[in-house]
Structures are given as C-alpha cells and as structure tokens.
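The values are calculated or read from the model by the stated rules, or taken from the named source; none is laboratory data. Just so you know, these numbers come straight off a predicted model, no measurement behind them. Quick reminder, even Gly has a Cβ in these numbers, built from the backbone with ideal geometry, and neighbours come from all protein chains shown.
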Number of protein chains: 2
Amino acid sequence: MNKADLLITNGIVVTMDRNETVIANGAVAVCGDRIVDIGPNEKFSDCRAAKVVDAKNGIIMPGLINTHTHAAMTCFRGLADDLHLMTWLNDYIFPAEAKLNYEKVKTGALLACAEMILSGTTCFADMYLFEDAVAEAAKAAGMRAVVGEVLYNFPSPSYGAIEEGFVYSENLIKKWKSDPLITVAVEPHSPYLCAPDLLTRASDLSNAYEVPLIIHVAETQIEVNTIFESYGKTPIAHLADIGVLSPLLLACHCVAVTDKDIEQLASYDVKVSHNPESNMKLASGIAPVPQMMNAGICVGLGTDGCTSNNNIDMFLEMDTAAKIHKVNTLDPTVMDANTVLKMATRDAAKALGLDGVTGSLVPGKKADIIIIDINKPHLTPMYNLYSHLVYAAGGNDVDTSVINGQVVMENRQLLTLDIEKVMADVNEIAAEVKSGF
Amino acid sequence: MNKADLLITNGIVVTMDRNETVIANGAVAVCGDRIVDIGPNEKFSDCRAAKVVDAKNGIIMPGLINTHTHAAMTCFRGLADDLHLMTWLNDYIFPAEAKLNYEKVKTGALLACAEMILSGTTCFADMYLFEDAVAEAAKAAGMRAVVGEVLYNFPSPSYGAIEEGFVYSENLIKKWKSDPLITVAVEPHSPYLCAPDLLTRASDLSNAYEVPLIIHVAETQIEVNTIFESYGKTPIAHLADIGVLSPLLLACHCVAVTDKDIEQLASYDVKVSHNPESNMKLASGIAPVPQMMNAGICVGLGTDGCTSNNNIDMFLEMDTAAKIHKVNTLDPTVMDANTVLKMATRDAAKALGLDGVTGSLVPGKKADIIIIDINKPHLTPMYNLYSHLVYAAGGNDVDTSVINGQVVMENRQLLTLDIEKVMADVNEIAAEVKSGF
C-alpha cells in the first residue's frame, strides 16, 4: 500500500467482518469511495495519502445502519407523547403531516441526517411522504440511504390517487438507480392500511426492479386482531398467502408474531427491522428477537421516527436492544453486546440488501467508517470493546465519520451541512405546527 | 434583588417546585450556597453579581439526583457482561473487589463523580466499601452525596468482624455530621446477606442518628424465594416483622414485590429507589413502579453501579424508566415525562431525606443547578420541555453545573477535578485487575 486518498491511522479497528477481526493498533486505507486495505499501522508507514485522519487510539468501526426511520418526523419531535396510539396519530401526527410538503420534508430530513451523522449513523432506511426530498437531503448530507414513498389505500399529502403512489415509486426508482448513495425501495405502509391487491402490486414492483420491499407489520396485538377479523389469519400468514413474503421484504417491528409466523419469516428469508425504543414508548410490546435470530432470521436494528423515540441515536438503541430482551426473557446472556453490534452493522446492511456495500470494514466495500473517541470519563477504563460500544457509549462519542469515502464529520464538525440554518428552518416549521394546535 | 454571588440568567427555568412552575425567560440568583431568588430576567436587571452565567436560552433546572449507585465500580466498568448474576458476582466482581483498598475506591469514586457531573447529576447515594474514601472523593469533586459503608454477615475488604462495620459506620456518621455536602447513611446490604439481628441493629443506628437506612431488597425472584425458604415470608414482610420498615428506609430495587408488600411499604412510608437499566441488564425483572406510585410510595430514580448499566447517566436512565413501564403495562400513558423527571429530582431528594435541601429550584434550598444546552440538532425543535428532557436529551447536553453554590462545571469543563489524572489512575487500576483474570 503506497497510495491512498484517505488513511485513518492509529486506532483499534473493529471490522465486524465474518471473523470479527479486531486490529489493536491499526489503520484503514480508502481509495475513492472504497476501503482498499486494513491492517496494523506499520503496514501503512510508506503510504502517501491525500488526507490522513489520526484516530488517536480511538475505535475505528463501520458506521451504524438504521434500518427503519421516518427522518422528516424530526419536525414533530416531542409534539405529542405519553398518549394512546390512536390519540397520538389522529389528534396530532396525521393533522401535522397533512400540512407537509416537499420543502418541509427535505428540511426535516436534513435535520435527521445531521443528527444521525453526529451520532454515528452512516446509512438509514426511510419510509415517508415526498421521499424524493429525503433522497435529496441524504445526498446533500452525504449519507447513504434507502428511501421509499409510503403507499396507502388512500391519497397521501404527496400524491392523489393510489395509482399515483406507484407512479411516484417507479419514477423514484428510475431517477436514483445509478446513484452511489441512494437505493429506492417500494414501501406499502402495512397490511391494515393496504389492501391485498396494493400489497401484491407493490411486491411485483419490488421484484421487477429487484429493490427492497419495506412494510410495517405485526407492530401491535391490535393490528393482529384487526387483520384476523378481516382475513382470518395473522398479518404474516396473510402476507404469505398473497405471495408477498420474499428475501427482498424488510418487515418492520414484528412485535406480535406467533411461532408459526417466525417459521414463515425464516423460510422465506424475510428480513426484520427491530425498533425496541419505539415499541416500548408506544407500548406496542417486545418483539421476540432472540427467538427470531435463533430461527435464522436476519434482524437489523432501527430507531423508528423520532416522534416515538425521541432521538435517532443508534448507540442508545443498541443499549436498549441489549437490555430489553434480557429482562423480557429473564436471561442475562441473551442479546450479548457483540450480537447487538452486529444487528446495527453487518446484519443491518444485509437486511437492506446492502451487505456487499456496507456494514463492515472489508477491502472492497464502500468506506462507511466512524471513529469513536474513547478518552472520556464514561468510557474509562476499557475491558471489552463490544461492551463499551453497546452499554457505555453514546452517539456523542463519535468523533469523525466517513461515508462513501467522503469525510462528512471531523472532530464533531459537520462538513456537509449548514446545521445552524437547518435548525432555524425546522424551528420555523415547528412554529407553524404549534399555531395549528 | 440587588446583590448575589452567582446569577444565572437568560434561560427557561424549570423549577420542579410543587406547582411545577416554569419561567420562560428567567434567572436564578444564588448567595453563598443557597438559591435566594428566582424570576423573570427583568427582575434581576439591577442585580450586581460576583459571577454571571448566561444560560443562552437553555434550560435551567435542578441537578439530577441518583438515589442508588456504587460509584467506585467505575474501576470494573465492562469487566464482565451478559452473564448470569452468580457467575458475574462470584467469578468477576467479588474477586476484583477483594483487591480494593481506600485509595482505589477513592480513585474510582472520583471518576464516577466526574462522569456524574458531566451528565447532570449533582447528588448521589452510594453503597460500597471504604465509604470514607467516597465521601472524600465527593468533597473533592464538590458533589452532594449520601454515603454508607456496606454491612454484611461476613468480613468485607474494608473491615474485619461484623462489629467493625458498625464502628466504621458510626465513625463515618460522626466525622461528616456537620458537612454541607455529605450525609452518612447506614447501609446493610440485603436481607439475604444480613441476618435479622444485623438488620435491626442497623435500623437502631439509623434511628439513633436520624440518618437514612439503605438496603437492597426484593431485587430478584430468586432472592424472594431464598428469603421465603429461610423465614417463610417475603423480604418486605420479613423486614416489617423485625421492625426495620420506617420512613428513614430507602429500599433499592423492589422488583419482586407483591401487592401486600407494596401496601406495607406505603403504610410505613418507606422510600424506593428504582434502577431500571440495571434490573434489565441483570435480567432481574421490572419493578411495579406505577403501582407503587399509585399506592403513594415516594420513588426516586437511580442507575445502580456502572458494572450493571454500564454508565451512570441519569438522563438515559430517565428515558428508560419512562419507556419500560409503558411496554410492561401496555399503557403508553403511564410514567409520563413529567412524572419521570420528578422521580429524578424532587422525589429523589425526598427519598434521601434531602427534600429540604435539594431537588427543586426554590428560594432557601441549596443551589444545585444545571443548565442544558438545547441548541442542538437532536433537541430541535422543542414543543415540550419535559418530553425533551426525558426522551431526547442526554447527559452530554448539560453545559454547566452548580452544586451547593459552587460552579463545578462550566461550558462542559470540569472545574474541580483533574480529569486526565483521574482517568490515568483508573486505567492503572484496570491494568492490575486485568492481570488478575
């Protein structure tokens, strides 16, 4: 290795590769958008690099991947909490969302990108309205994103007839198909807001373009009861019967699932997005994640939107994910730190169909890399890397972030966005929202 | 108001007083160690203050109070995780603790104080070995603390015979009785490690000096079963029958309690310390806190030691406390943000017998005040103060901290401790611990 565009030196390299290789005093070399080499520092002593970042004995690791969020909901963060789901949705969220437009969604998504970069996330999967605005925001921030326009049985603020939702989705796929950062997914909201023909059509579109199909499913027992009344089966069985389960499907939440549902998810190689903090805050329940993982299902971690969280910090989500299943099963050995970190990196990438692209530090993959500053009181001393990352660290400990080979944050300074302007713009939207309640 | 030692201006004052008064653009004046006045900024326009701190439109609020921790366990943070309780204790924690001494406990406690101040805690209740060292560390850091030497049925690393533990405790009470920051408590470990006569004697000592009595109790169902085998009753009923329940008692954990236990705790006005993250991580269970609060029990929040957490950030603990009971009861309206914030401030002070001293911003109380910087992406926009503090903020958002009238942190710079030295000292202890495993 004698030349690189970017060389990150002098850190503990936590690769999260298949062997979970850790290099005690290592470096990562990047050419263009890709990782080209990883090894002990000495290996790079003759390497001339256009830019060198000193990790200062911190942790060099893959950026975290948020498998489910609604980025632009930053505009409504804390608008309504501690309420029953239907009060929350009907009295606050839906009325607020009715006034959204392309610009507001873009502004909210920019704020989410800033928050995510500042807390170590380098890639996120989004479901919302005006998703082209989210893609543009991610591009502006330099973030990797999977975006998809939400499809319902009824018109949305961003399109009129159901038909137009499909046109919107297909145009989005075509527009972004060669983009290095953006992947487009097809995203029907849920089995309770989407009729079977909408779901199968969405599935067909996903298959035709080989893009992810993302849906909320089995989020609450109430949803399960509703679907049972309509179709006489569980939501997962319903999706199976109409032919929607597939390896391209990312099923978000999967809180209220039966043993049979889990078997079906596993047999179709469906991926699952686990959103523990949102499921706790909305009192939805606790997804049987250890059981799903034992069944061989690939589970990625996600924060959900920040109206039901109320931050989108994946480090805090990892901590909760590790703890909630321990107390739920009364077994402190389940969901160990290593498993949870995998769920936020390698497995999250796989859940989004991006395992060839990101999720671990491996030569050939895109350079999505974060550096953690561990020289802090709450990270002292250090006995175990994985324990520290999951149980002790927070997003604020991320010092530097590289996405697709571009340094997007250095020494906690965002380099891609004018964050003061973004915050001012969101505050303006919030003032308008407040005046409506 | 025309003179003050310290004037904190230009913030949203969240008093957490009985009326939960909030002053939109307010200030707090401090003379010596006490709050002397609170009001709108204009009220203080003629006030000459020796020091003025501009809150820059942030939140001015009472410092958080951690009702249960083992500060010096910072030395073992992340030493062992994801293990069964007995493996964790017998194979890791107890062998590591056997090598502790006064100096090491002081060093570990200094690190904990740094971490707590940096995350907005101004007062903590500690239970550990060599507690005089913890008191000295708290004094050096400028923190308010309730300290107590742990009492067991067997010798501890800091004293020989059981008798000596009582001598240690009584000496500690006498040494610190006039100190403005330190309160000493009597702290028998638990009903399963303390015989009835030790417990009643501890209770007598607490009553004689009118100091808090602090104990771990009903932490797990296993403990309940053990006590039932020995005494034929629940741990709470056992404590009631030997006369140990009293308003001076702070019962930590109370995870595995019956309806009858809750009635007894309420009827004796026993206080409870709730430690949700530790209870989750150790798979102990979920304390029925909403039920205890409905019964009128005063519940304060705590982190427990950082070996079972693994940080001691009360902001993160508040977030978890608010969420875990929602999902446990499947009711999103329980443990609303306001209730949880009270549990970490006013009620926590009451739980420690310090309600006349700290826990809210009220003229006459000691000046234990923190300032939250809300000009951050993850705290934008703001619709609801309480929601933000509980669900969105983290300890890192605390900008400035005042304890007993002394500014101990300003613009995130610790003013009382040489934090680099403390971290280096703890790393040295950790190196020794590692060599022992």
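Can you name every residue in region A:145-187 that is touching a Pro at 6+ places or on another chain (Cβ under 8 Å) and under 30 Å from A:R34 (Cα atoms)?
A:V146, A:G148, A:T183, A:A185, A:V186 - these are the residues of region A:145-187 that are touching a Pro at 6+ places or on another chain (Cβ under 8 Å) and under 30 Å from A:R34 (Cα atoms).
Give A:A266, A:A295, A:A287, A:A251 a once-over and let me know the one that is farther than 21 Å from A:D355 by Cα and either in contact with a strand residue (DSSP E or B) (Cβ under 7 Å, 6 or more places away or on another chain) or small (G, A, S) (or both). Steps first, answer last, please.
Working: A:A266 fails: farther than 21 Å from A:D355 by Cα; A:A295 fails: farther than 21 Å from A:D355 by Cα; A:A251 fails: farther than 21 Å from A:D355 by Cα.
The conditions single out A:A287.
Could you check region B:326-356 and list, in sequence order, the residues that are among the aliphatic types (A, V, I, L, M) and in contact (Cβ under 8 Å) with a residue 12 or more places away in the chain? Don't jump to the end; show me each part of the working.
Quick first cut of region B:326-356, residues among the aliphatic types (A, V, I, L, M) only: B:327, B:330, B:334-335, B:337, B:340-341, B:343-344, B:348-349, B:351-352, B:354.
Once the filter is applied, which keeps residues that are among the aliphatic types (A, V, I, L, M) and in contact (Cβ under 8 Å) with a residue 12 or more places away in the chain, region B:326-356 yields B:V334, B:M335, B:A337, B:V340, B:L341, B:M343, B:A344, B:A348, B:A349, B:A351, B:L352, B:L354.
I want to confirm something. Restricting to region A:282-295 and keeping residues that are buried (at least 24 other Cβ atoms within 10 Å of the Cβ) and not polar (S, T, N, Q), which single residue is farthest from the other protein chains (Cβ to nearest Cβ)? Talk me through it step by step, then tell me what you get.
To start, the set of residues in region A:282-295 that are buried (at least 24 other Cβ atoms within 10 Å of the Cβ) comprises A:282, A:284, A:287, A:289.
Filter once more, keeping what is not polar (S, T, N, Q): A:282, A:287, A:289.
Working: A:L282: 6, A:A287: 11, A:V289: 14 Å.
It comes out as A:V289.
Of the residues A:E263, A:E277, which single one is within 14 Å of chain B (Cβ to nearest Cβ) and part of a helix (DSSP H, G or I)?
Working: A:E263 fails: within 14 Å of chain B (Cβ to nearest Cβ).
From the options A:E263, A:E277, the qualifying one is A:E277.
Within region B:114-123, which residues are within 11 Å of another protein chain (Cβ to nearest Cβ) and either among the β-branched types (V, I, T) or more than 12 Å from A:H378 (Cβ to Cβ) (or both)? Give the derivation first.
So the first thing to find is which residues in region B:114-123 are within 11 Å of another protein chain (Cβ to nearest Cβ), and the list is B:114-119.
Hit for region B:114-123 is B:I117, nothing else.
Being surrounded by fewer than 19 Cβ atoms within 10 Å (Cβ to Cβ) and aliphatic (A, V, I, L, M): is that true of A:A161 here? Outline the logic, then answer.
Values: surrounded by fewer than 19 Cβ atoms within 10 Å (Cβ to Cβ): yes; aliphatic (A, V, I, L, M): yes.
Here the answer is yes, as A:A161 does meet what is asked.
Mind checking which helices (runs of 4 or more DSSP H) fall wholly inside region A:114-220 and carry at least 2 residues that are of a type outside the set (S, T, N, Q) and within 24 Å of A:I369 (Cβ to Cβ)?
On the way: elements: A:131-141, A:162-176, A:196-209.
Here the list reads A:131-141.
Check whether at least one residue in region A:254-270 is of a type in the set (D, E), free of Cβ contacts under 8 Å to residues at least 60 places away in the same chain, in the same structural domain as A:T345 (by TED's automatic domain parsing) and in contact with a Lys or Arg (Cβ under 9 Å, 6 or more places away or on another chain), and report yes or no. Can you show your working first?
Our first condition is that a residue be of a type in the set (D, E); within region A:254-270, this holds for A:259, A:261, A:263, A:269.
With the extra rule that they be free of Cβ contacts under 8 Å to residues at least 60 places away in the same chain, the set shrinks to A:259, A:261, A:263, A:269.
With the extra rule that they be in the same structural domain as A:T345 (by TED's automatic domain parsing), the set shrinks to A:259, A:261, A:263, A:269.
Going one step further and asking which of them are in contact with a Lys or Arg (Cβ under 9 Å, 6 or more places away or on another chain), we end up with none.
No, because not a single residue in region A:254-270 is of a type in the set (D, E), free of Cβ contacts under 8 Å to residues at least 60 places away in the same chain, in the same structural domain as A:T345 (by TED's automatic domain parsing) and in contact with a Lys or Arg (Cβ under 9 Å, 6 or more places away or on another chain).
Quick check: is even one residue across region B:363-375 among the basic types (K, R), farther than 30 Å from A:C113 by Cβ and out of contact with any Lys or Arg (no Cβ under 9 Å at 6 or more places or on another chain)? Walk me through it before giving the result.
Here is the first cut: in region B:363-375, the ones among the basic types (K, R) are B:365-366.
Now drop any that are not farther than 30 Å from A:C113 by Cβ, which leaves B:365-366.
Those still in the list that are out of contact with any Lys or Arg (no Cβ under 9 Å at 6 or more places or on another chain) too: none.
No, because not a single residue in region B:363-375 is among the basic types (K, R), farther than 30 Å from A:C113 by Cβ and out of contact with any Lys or Arg (no Cβ under 9 Å at 6 or more places or on another chain).
With respect to B:A4, determine if the residue is over 22 Å from the mean Cα position of the chain (by Cα) and closer than 26 Å to B:F315 by Cα.
Numbers: over 22 Å from the mean Cα position of the chain (by Cα): yes; closer than 26 Å to B:F315 by Cα: no.
No; evaluated as a whole, the condition is false for this residue.
For region A:179-191, name all the residues that are free of Cβ contacts under 8 Å to residues at least 60 places away in the same chain, of a type outside the set (D, E, K, R) and either out of contact with any strand residue (DSSP E or B) (no Cβ under 9 Å at 6 or more places or on another chain) or buried (at least 23 other Cβ atoms within 10 Å of the Cβ) (or both).
Result: A:V184, A:V186, A:P188, A:P191.
Determine whether B:A392 is among the hydrophobic types (A, V, I, L, M, F, W, C), more than 22 Å from B:H68 (Cβ to Cβ) and in contact with a helix residue (DSSP H, G or I) (Cβ under 6 Å, 6 or more places away or on another chain).
On the way: among the hydrophobic types (A, V, I, L, M, F, W, C): yes; more than 22 Å from B:H68 (Cβ to Cβ): yes; in contact with a helix residue (DSSP H, G or I) (Cβ under 6 Å, 6 or more places away or on another chain): yes.
For B:A392, the condition - among the hydrophobic types (A, V, I, L, M, F, W, C), more than 22 Å from B:H68 (Cβ to Cβ) and in contact with a helix residue (DSSP H, G or I) (Cβ under 6 Å, 6 or more places away or on another chain) - is met.
Each row is one residue, and each column tells you yes or no for (1) modelled with pLDDT under 95; (2) in the same structural domain as B:A55 (by TED's automatic domain parsing); (3) of a type in the set (V, I, T).
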position: B:D347; (1), (2), (3): no, no, no
position: B:V357; (1), (2), (3): no, no, yes
position: B:T380; (1), (2), (3): no, yes, yes
position: B:G394; (1), (2), (3): no, yes, no
position: B:S401; (1), (2), (3): no, yes, no
position: B:N404; (1), (2), (3): no, yes, no
position: B:D418; (1), (2), (3): no, no, no
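Among the residues of region A:425-437, write down those that are more than 9 Å from every other protein chain (Cβ to nearest Cβ) and either touching a helix residue (DSSP H, G or I) at 6+ places or on another chain (Cβ under 6 Å) or small (G, A, S) (or both).
Passing the criteria: A:D425, A:S435, A:G436.
Within region A:69-113, work out how many residues are touching a strand residue (DSSP E or B) at 6+ places or on another chain (Cβ under 6 Å) and at the interface with chain B (Cβ under 10 Å from one of its Cβ atoms).
Here is the first cut: in region A:69-113, the residues touching a strand residue (DSSP E or B) at 6+ places or on another chain (Cβ under 6 Å) are A:69-72.
Retained after the next criterion (residues that are at the interface with chain B (Cβ under 10 Å from one of its Cβ atoms)): none.
Residues flagged as touching a strand residue (DSSP E or B) at 6+ places or on another chain (Cβ under 6 Å) and at the interface with chain B (Cβ under 10 Å from one of its Cβ atoms) within region A:69-113 amount to 0.
In region A:31-49, how many are surrounded by fewer than 15 Cβ atoms within 10 Å (Cβ to Cβ) and closer than 19 Å to A:D368 by Cβ?
Residues of region A:31-49 surrounded by fewer than 15 Cβ atoms within 10 Å (Cβ to Cβ): A:32, A:40, A:42, A:45-46, A:48.
Imposing the further condition that a residue be closer than 19 Å to A:D368 by Cβ reduces the set to A:32.
The number of residues fulfilling the criteria is 1.
I'd like to check which helices (runs of 4 or more DSSP H) are fully inside region B:304-421 and have at least 1 residues that are within 8 Å of chain A (Cβ to nearest Cβ), buried (at least 21 other Cβ atoms within 10 Å of the Cβ) and over 16 Å from the mean Cα position of the chain (by Cα).
Details: elements: B:314-329, B:337-343, B:346-351.
Hits in region B:304-421: B:314-329, B:337-343.
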